[in-house]
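Down below is the structure, laid out as structure tokens.
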């Protein structure tokens with residue numbers, strides 16, 4: 001398993017190069033993006049991020065003071081905007097209650113303790129929590145998403161009924177415990193999923209992993 005995972009990583013890195021993910025100007029922007037990207041594509045999230053930046057509200061203090069209704073209007077492009085506004089407000093309440101709105105303070109918390117705390121925030125599930133941990137706080141945890149699971153299933157590295165934690169564990173047990181590696185690997189799988197390993201019509205014959 002370890003050798004296969006490493007071969008996949010090297011093949012993808014050779015094909016695509018470094019992905020420089022997550023694209024953001026601050027850790028807080030990554031957190032907001034991780035919540036907004038639930039059930040939508042990144043293009044829609046970018047529009048919402050731009051709207052928040054334009055109003056100079058993409059910062060913890062701005063979010064804390066921002067009325068939910070106005071926040072919902074600004075993130076409308078991301079879809080489910082009322083639900084996502086509530087989730088963002090839930091996070092910001094947690095952020096100020098537990099960490100005084102300080103990213104460095106939150107980042108200094110133990111990984112597993114912080115993960116448990118994030119999962120207790122209404123609207124934040126495992127994928128979103130792990131995205132925050134890895135991409136915003138540089139914590140060594142692998143993010144599993146639909147792209148990664150689809151690719152691993154098609155290469156018979158896991159079954160369709162594998163849970164999030166079980167699938168995540170395949171990477172965590174077999175790869176070096178390194179945030180930079182987890183970051184790049186996940187980003188490369190997302191790239192492969194978007195460009196080749198489509199849900200309905202995969203481009204298997206020209207896929208960089210063809211024959212793996």
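The values are calculated or read from the model by the stated rules, or taken from the named source; none is laboratory data. These numbers come from a predicted model, not from an experiment. Cβ: placed from backbone, ideal geometry, glycine included. Neighbour counts: every protein chain shown.
Exactly one of these conditions fails for residue 158: (1) in a loop (DSSP other than H, G, I, E, B); (2) more than 24 Å from residue 41 (Cα to Cα); (3) modelled with pLDDT of 95 or more. Give me its number.
Condition not satisfied by residue 158: (3).
State yes or no: is residue 124 in contact with a helix residue (DSSP H, G or I) (Cβ under 9 Å, 6 or more places away or on another chain), surrounded by 16 or more Cβ atoms within 10 Å (Cβ to Cβ), touching a residue at least 24 places away in the same chain (Cβ under 8 Å) and assigned to a helix (DSSP H, G or I)?
No.
Would a scan of the range 44-53 turn up a residue that is closer than 20 Å to residue 125 by Cα, assigned by TED's automatic domain parsing to the domain that holds residue 132 and buried (at least 17 other Cβ atoms within 10 Å of the Cβ)?
Yes.
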